[in-house]
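Working notes, beginning with the structure itself.
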């Protein structure tokens, strides 16, 4: 399902992708990606005849959001050049 957005979300994402986002636009972009596009805190279970496939897709979205949050919060001191 396509996500719902408002003009400010699109403006922030476009400014972010050009490397020209203000601090507020950077924050808005990160929150929009993690909370809306990835639906990180949402329920991934989808009932119905296509439920298994829809649930797997929703879990994929959540996985991306969880990876972003993990790396944003990861202690830099624990990283080295070969960290994977």
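Rule-based calculations on the coordinates, nothing more; no lab input. Worth saying up front: this structure is predicted, and the values here are computed from it rather than measured. Reconstructed Cβ throughout: ideal geometry from the backbone, glycine too, with neighbour counts over all protein chains shown.
Of note:
- Centre-to-centre separation between the Cα atoms of region 1-24 and those of region 52-80: 20 Å.
- Highest average packing first - 28-37, 11-20, Cβ atoms within 10 Å: 28-37, 11-20
- Candidates 24, 54, 39: whichever shows maximal mean-square fluctuation once the chain is modelled as a Gaussian network with Cα springs under 10 Å: 24
- The chain: C-alpha gyration tensor shape, a/c 1.5 cut-off, then a/b vs b/c: oblate
- Rounded to 0.05, the FRET efficiency of the residue 80 and residue 26 pair, given R0 = 30 Å and the Cβ-Cβ distance, is 0.65.
- Taking the chain and dividing mean pair separation by its residue count, relative contact order in percent (alpha carbons under 8 Å, at least six apart): 22 percent
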